[in-house]
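Worksheet for the structure shown next.
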Amino acid sequence: MKRSLLFTLLLVLAMAACAAPQTGDSGATSDAGSSDGGQAVLIIPEEPANLNPYLAVAAIVRQVSDATVVGLSYVDANGEFQPELAQEIPTVANGGVSEDFLTVTWTLRPGLLWSDGEPITSEDIVCTWEAVSHPDSGTVLSTGMELIESIDTPDELTAVLNYSEVNSAYPVQFANGLFPCHAIGAPEEMETWEWNRNPVTAGPYTVSEWNSGENIVMARNPNYYEEGKPSIDRLIFAVVPDPGAQLAMMIQGEGDIHLWPGATLEDYNAQTEGVASLAEIPGQWNMALRFNLSQPFDDDPGAEPPHPFLGDLRVRQAIAYATDYETITTDVNEGTSPAVSPFEYGWYQCDVERPYTYDPEMAAQLLEEAGFVDVDGDGIRECQGCLYAQEGAQLSLQLEGYTNFQPLVQLEEALVEMWRQVGIEASIQNDDFSIIFGSFADGAPRKTGNFDILVYDASLSIEPHATVANSFHSSAIPTAENPAGANYMRWVNPAADAAIEAAGSTVDIDARQEAYCALAELIATDLPQLHLYLFTEGYGASDRISGYEVSIWGSMTWDAENWMLEQ
């Protein structure tokens, strides 16, 4: 029988009280050695299936695993690559990357130990590559491991990676963690490794208890490579599904970090005043409209023939001019940040001016020029000599998003009203995730090209190239022969193809950013997509915790080794 939420809450609080140091007790545990750093309670809404980031489908895995699993490198809060188990990030300048970009040499820090005391060596890099690249491992996160042809290990600290082609993702290729050769199983058995729930690792914490459905307890790793860290003795991940119970724990001072609070900054801080606050920053999730530039429902998923309305750039421009961006970010989806292109953060961030600002009069003028006029006086324009639609066809479009997300519905409803003011009729059709994000074989609308405008949010990782190329290159239009393609707009632009190819042909960050920004300008002007805003990201944090920093590149525990608690 499922435990009541009240019982769960009481159990968590009782467990926390029992685990707290008694008077005169240093708070030490057998796992962590002597310390008086106390314990922090982290509230999570669900239990992760495992702590193996390479198997992670659900976002909750990284929220917990990042406290224990570390790799050769990491990405800091500024979106910059930093060495972790490695001595430095290999570059051409420091001799770590060959002139042809096909050889990358990683050097480990000397004296590194796994949490069980065994030394970390270059052979562990080889084992990680072999495990993650194995076709039967179940891996869903590979960061181009298949591009590595071989790894040479001239000594225990050095791994020389030989690539079959340029892999611009090499700085973060092993950022998701290393596996210890001596403590894992066969690559094809990865999904059933004991390591997945009790990892031997090099991170700041190790798992000491896993009480399914209740909590995961972690203790300080005595072999963590940063001297004097972590400060906090224990992390207790309390599984509390009910949002009300989560908030109650924060208000009562029984929680220290609150994952995904689901409240506005003002509401959260008002309820937790004096004990906790919500830390928020602009996040990765970028809301955009994706215009179908090809004819829908013609049994041809390719780029031709053009969409009867959206195939004309002037119609797309009119939609952009008819969209009131300020109202959307301040009233419709309050607290969001304006976005103009996919490249709104990270090392590839581009400063792109919105070329088509809110101007209903300009929208109306463009529609007139495109041959759309209101003939019958009903407020909706019809084709009168337009390029691709049948004569007399009403300018009517469908917005298609996903279900069970009220901010998306609010946005769609606002867009319908804004566009109607200039004579464009729009309807709303939202589908389950399984439909809108389904496969080509399933007949998903975005894969088959059977839609007008898709409305949903997406993100780019710190290494964006695979996503960018598959989303915007003309060769990535999804078809039966290329079902994995993600150029859902059916956008064909030679200049965009050239920019994408330039960004993928080098590991030079500056050159790659320049190419991505050229692509960003093309997206903003040619309008295969119309970007609207970024959602904010943040977590609740108690006032007694310090050193906590929110990063769009990291999870709730990405910097757990830096936290401190007031005792």
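The values are calculated or read from the model by the stated rules, or taken from the named source; none is laboratory data. All values reported here derive from a predicted model rather than from experimental measurement. As a convention, Cβ positions derive from the backbone with ideal geometry for all residues, glycine included, and neighbour counts pool all protein chains shown.
Checking each residue in the range 524-541 for being part of a strand (DSSP E or B) and either touching a helix residue (DSSP H, G or I) at 6+ places or on another chain (Cβ under 7 Å) or free of Cβ contacts under 8 Å to residues at least 60 places away in the same chain (or both) picks out GLN529, LEU530, LEU532, TYR533, GLY540. Scanning the range 543-567 for residues that are over 20 Å from the mean Cα position of the chain (by Cα) and crowded, with 23+ Cβ neighbours inside 10 Å yields one hit, TRP563.
Can you find even one residue in the range 488-501 that is among the basic types (Lys, Arg), in contact (Cβ under 8 Å) with a residue 40 or more places away in the chain and under 24 Å from ILE281 (Cα atoms)?
No, every residue in the range 488-501 fails to be among the basic types (Lys, Arg), in contact (Cβ under 8 Å) with a residue 40 or more places away in the chain and under 24 Å from ILE281 (Cα atoms).
Does the range 82-94 include one or more residues that are part of a strand (DSSP E or B) and polar (S, T, N, Q)?
First pass over the range 82-94, keeping only residues part of a strand (DSSP E or B): 82-83, 86.
Adding the requirement that they be polar (S, T, N, Q) leaves 82.
Within the range 82-94, one or more residues are part of a strand (DSSP E or B) and polar (S, T, N, Q).
The set of residues from the range 61-91 being more than 21 Å from VAL104 (Cα to Cα), surrounded by fewer than 21 Cβ atoms within 10 Å (Cβ to Cβ) and in contact with a strand residue (DSSP E or B) (Cβ under 9 Å, 6 or more places away or on another chain) comprises ASP76, ALA77. Restricted to the range 95-108, and to residues there that are within 29 Å of the chain's Cα centre (by Cα) and part of a loop (DSSP other than H, G, I, E, B), the residue that is surrounded by the fewest Cβ atoms within 10 Å (Cβ to Cβ) is LEU102.
Sort through THR128, THR139 and tell me the only one that's assigned to a loop (DSSP other than H, G, I, E, B) and surrounded by 19 or more Cβ atoms within 10 Å (Cβ to Cβ).
Values: THR128 fails: assigned to a loop (DSSP other than H, G, I, E, B).
THR139 is the lone residue from the list that is assigned to a loop (DSSP other than H, G, I, E, B) and surrounded by 19 or more Cβ atoms within 10 Å (Cβ to Cβ).
Of all residues in the range 414-439, those satisfying the criterion of being among the small types (Gly, Ala, Ser) and buried (at least 16 other Cβ atoms within 10 Å of the Cβ) are ALA414, GLY423, ALA426, GLY438.
Among what's in the range 332-357 and is not in a loop (DSSP other than H, G, I, E, B) and not hydroxyl-bearing (Ser, Thr, Tyr), pick the residue that is nearest to the chain's Cα centre (by Cα). If you could, list the steps in order and put the result at the bottom.
Filtering the range 332-357 for residues not in a loop (DSSP other than H, G, I, E, B) gives 332, 337-338.
Narrowing the set further to residues that are not hydroxyl-bearing (Ser, Thr, Tyr) leaves 332, 338.
On the way: VAL332: 23, PRO338: 18 Å.
Across the range 332-357, the extreme among qualifying residues is PRO338.
Is it the case that ALA484 is in contact with a helix residue (DSSP H, G or I) (Cβ under 8 Å, 6 or more places away or on another chain), surrounded by 15 or more Cβ atoms within 10 Å (Cβ to Cβ) and touching a residue at least 12 places away in the same chain (Cβ under 8 Å)?
Values: in contact with a helix residue (DSSP H, G or I) (Cβ under 8 Å, 6 or more places away or on another chain): yes; surrounded by 15 or more Cβ atoms within 10 Å (Cβ to Cβ): no; touching a residue at least 12 places away in the same chain (Cβ under 8 Å): yes.
No.
If I filter the range 30-39 for residues that are surrounded by fewer than 21 Cβ atoms within 10 Å (Cβ to Cβ) and either at pLDDT 90 or above or assigned by TED's automatic domain parsing to the domain that holds PRO171 (or both), do I get at least one hit? Yes, that holds for at least one residue.
At least 1 residues being closer than 30 Å to VAL104 by Cβ is the threshold, and among the helices (runs of 4 or more DSSP H) wholly inside the range 430-523 those reaching it are 465-472, 494-503. When residues in the range 188-202 are screened for being in contact with a Gly (Cβ under 8 Å, 6 or more places away or on another chain) and outside any helix (DSSP H, G or I), 2 of them pass.
Could you check how many residues of the range 223-242 are touching a Phe, Trp or Tyr at 6+ places or on another chain (Cβ under 9 Å) and not aromatic (Phe, Trp, Tyr)? Write out each step before concluding.
Keep residues of the range 223-242 that are touching a Phe, Trp or Tyr at 6+ places or on another chain (Cβ under 9 Å), which gives 223-224, 230-232, 234-235.
From what is left, the residues that are not aromatic (Phe, Trp, Tyr) are 223, 230-232, 234-235.
Residues in the range 223-242 being touching a Phe, Trp or Tyr at 6+ places or on another chain (Cβ under 9 Å) and not aromatic (Phe, Trp, Tyr): 6 in total.
A count restricted to the range 246-266 and to residues that are part of a loop (DSSP other than H, G, I, E, B) and touching a helix residue (DSSP H, G or I) at 6+ places or on another chain (Cβ under 7 Å) stands at 5. Summed over the range 552-567, the residues that are farther than 23 Å from ILE462 by Cβ and touching a Phe, Trp or Tyr at 6+ places or on another chain (Cβ under 7 Å) give a count of 0. Inclusion of GLY253 among residues that are at positive phi, more than 25 Å from the chain's Cα centre (by Cα) and touching a residue at least 24 places away in the same chain (Cβ under 8 Å) is warranted.
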